[in-house]
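A.B. asks: Once you've had a glance at the structure underneath, I'll fire off some questions.
The values are calculated or read from the model by the stated rules, or taken from the named source; none is laboratory data. No experiment lies behind these values; they were computed from the predicted model shown. As a convention, Cβ positions derive from the backbone with ideal geometry for all residues, glycine included, and neighbour counts pool all protein chains shown. The area values use the complete protein model at the heavy-atom level, side chains included, leaving out ligands, DNA and RNA. Shrake-Rupley method; radii C 1.70, N 1.55, O 1.52, S 1.80 Å.
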Amino acid sequence: MHAYALRKLMLAVPVLLGVSVLVFLIVHLTPGDPARLLAGPEAYEEDIQAIRVRLGLDQPLPVQYGRFLKGVVEGDLGTSFRSGRPVAEEIWTRFPYTVELASVSLVLAIAAGVLVGVFSAARQNSAWDAGTMGAALMGISVPTFWLGLLLMLLFSYYLGWLPASGRGGPLWTPAGLESILMPAIALGSPSGAVIARLTRSSLLEVLSQDYVRTARAKGLPERVVLYRHALKNALIPVVTVAGLRLGALLGGAVITEQVFAWPGVGTLVVNAINARDYPVVQGTVLLMATVFVLLNLTVDLVYGLIDPRIRFD
C-alpha cells in the first residue's frame, strides 16, 4: 500500500504543475492591469510603471512563472498585491470557513442521499420511487445560486427563521448553526441528489445478487436483508463518490459563498480576481487542486480498505 500511495503522489506532481501553468496563464492573459488598479484612476503613467516594477510585472512571463514556481517549492506563495500580506496567511485565515461549509454540506448530502436512496430502492417502481428520484433529478439540475436565493427568500424574508447571509459564529453555537444551514443545503443539494441516485442503483444491483436471495430463502426479515446484508456492499461506490464530492464542494463553494456572503476562500478568490491580485488567485487555485488530489488518493486507499478484493498493485 505504501508503494501505491507513493506512486499516486508522484503522479500528482505533473497534475499540479499543469494546474499551476494553466492558472498562471489565465490570470496573466485576462484583461486588466493590477498596477493601474492599485495606482487609482488619477495616477500618472510613471507611478503605474513604478508599481509594475515593484511587483515584478515588467518581467517576461516565463521569468514571472519561474519566480512563482520557485516560491511554491520553497513554501512561499507570494505576497498579496492588494493587502501586502503573505498569500498563505490570507488563505489560511479563510480556509477553515470553507472547510466548515463543505464538511457540513457533505454530511447533510450523505445523510439525505443515503436515506432517500434506500427508501427509493426498497419501494422500486412505486409512486414514492418516482417522486424521490424526480426530486433527486431536480436537485442535480437546479443551480446552487438560484436554490440559495429561493432559500433566502423563503426562510429569511417570508418566515424570518434564519439569517440571510454571513457567518453567525462557531458551528457549535446556535447562531453559527443557523447561519450555516441555508448555504450548506444549497451547496450540498447536487451532491445529495447524486448520492441518492447512486445509492438506489447500487442497492438494487446488490439486492439481485445470489447471496441476498439465499438470505431471503432462509427466512430473514426484509429489514435484516436490506440493512445487514445488502446496504454495506451497496455503499462501496457511494464512499468513493462522497470523497470526490468533498473536493467538488470545496471548489464549488465559490458561488455559494458569494450568494450568502460567507467569509471563505471562495469569497477571497472572487475579490482577488476582481482586483487582479495574481498571487492570491494562483495560490488559492493551487491549494484547492492539491486538496482535490489528496482527497482522491485518500478515497482510493479507503476504497481498498472497505473492499479487500482490491489490490494495490
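A.B. asks: What are the residues in the range 65-92 that are without any contact (Cβ under 8 Å) to a residue 40 or more places away in the chain and in contact with a Gly (Cβ under 6 Å, 6 or more places away or on another chain), if any?
C.D. replies: G71
A.B. asks: Find all pairs meeting these conditions: Cβ atoms under 8 angstrom apart; at least six residues apart or on different chains; first residue within the range 164-191 and among the basic types (K, R); second residue open to solvent by 60 Å² or more (accessible area, probe 1.4 Å).
C.D. replies: Pairs found: R167/Y97.
A.B. asks: Continuing with this model, one more query. Are any residues in the range 221-267 without any contact (Cβ under 8 Å) to a residue 12 or more places away in the chain, under 17 Å from I195 (Cα atoms) and outside any helix (DSSP H, G or I), and if so, which ones?
C.D. replies: The answer is none; no residue qualifies.
A.B. asks: Among the residues of the range 153-170, which ones are under 19 Å from Q258 (Cα atoms) and either assigned to a helix (DSSP H, G or I) or among the polar types (S, T, N, Q) (or both)?
C.D. replies: Result: L153, L154, F155, S156, Y157, S165.
A.B. asks: Further, regarding this structure: Give the residue that is surrounded by the most Cβ atoms within 10 Å (Cβ to Cβ), with candidates limited to residues of the range 116-128 that are touching a helix residue (DSSP H, G or I) at 6+ places or on another chain (Cβ under 8 Å), assigned to a helix (DSSP H, G or I) and of a type outside the set (S, T, N, Q). Don't jump to the end; show me each part of the working.
C.D. replies: Quick first cut of the range 116-128, residues touching a helix residue (DSSP H, G or I) at 6+ places or on another chain (Cβ under 8 Å) only: 116-124, 128.
Checking which are assigned to a helix (DSSP H, G or I) leaves us with 116-122, 128.
Of the ones still in play, those that are also of a type outside the set (S, T, N, Q) are 116-119, 121-122, 128.
Working: V116: 22, G117: 28, V118: 20, F119: 15, A121: 24, A122: 19, W128: 13.
Filtering first and then ranking leaves G117.
A.B. asks: Also: (1) in a helix (DSSP H, G or I); (2) modelled with pLDDT of 80 or more; (3) surrounded by 11 or more Cβ atoms within 10 Å (Cβ to Cβ); (4) not charged (D, E, K, R): which one isn't true of L9, the others all being true?
C.D. replies: (2)
A.B. asks: Take the residues in the range 62-89 that are assigned to a helix (DSSP H, G or I) and in contact with a helix residue (DSSP H, G or I) (Cβ under 6 Å, 6 or more places away or on another chain); name whichever of them is nearest to H28 (Cα to Cα).
C.D. replies: We begin by selecting, within the range 62-89, every residue assigned to a helix (DSSP H, G or I); these are 62-73, 87-89.
Next, only the ones that are in contact with a helix residue (DSSP H, G or I) (Cβ under 6 Å, 6 or more places away or on another chain) stay: 65, 87.
Values: Y65: 10, V87: 17 Å.
Only one residue tops the list, namely Y65.
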